[in-house]
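Structure, as structure tokens:
Just so you know, all these numbers are worked out from the coordinates, no wet-lab data involved. Just so it is clear, the model here is predicted, and its values are computed rather than measured. Here the Cβ is made from the backbone with ideal geometry for all residues, glycine too, and neighbour counts use every protein chain on show.
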């Protein structure tokens, strides 16, 4: 899966999507994501399946369950299994973190 494809999956209404980090001054809510090719499956001395990790961060001023649902629905529609956790930024920004694997 390419960065462009992931960005299209994560494009939910009212939220900008950035790879790795948002520019300074970007207003919440916004999404950042990274893709790393680090979970390859090997067989017969070769890379049999190229698997990568996907980390998606939803930044919002409060815990926004409606916005989380939109993002989760987008991940589900793309058939990307995910795990979720929450965190707070030092600037009083709520962060919902989704982790997944992509091929």
- Packing rank of 78-84, 22-28, where each peptide gets the mean count of other beta carbons within 10 Å, highest leading: 78-84, 22-28
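Does the range 4-46 come out rounded, prolate or oblate by the C-alpha gyration tensor, with a ≥ b ≥ c the root eigenvalues, rounded set by a/c under 1.5 and, if not, prolate when a/b is larger than b/c and oblate if not?
prolate
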- Message: Along the Cα→Cβ direction, 7 angstrom out, place labels at residue 101 and residue 47. What is the inter-label distance in nm?
- Response: 1.5
- Within the range 26-61, find all residues whose amide N lies under 15 Å from a label point positioned 7 Å from the Cα of residue 92 along Cα-to-beta-carbon. 28, 60-61
- Would you calculate the separation in nanometres between label points at residue 13 and residue 79, each defined as 7 Å from the Cα along the Cα-to-beta-carbon direction? 2.7
- Query: When only Cα pairs under 8 Å and 6 or more residues apart are kept, what is the percent relative contact order across the chain?
  - Reply: 25
- Would you mind getting the Kirkwood hydrodynamic radius of the chain from its Cα pairs, rounded to one decimal in Å? 14.4
- Message: Suppose a student asked you for the relative contact order of the range 8-49, using Cα pairs under 8 Å spaced at least 6 residues apart; what percent would you report?
- Response: 28
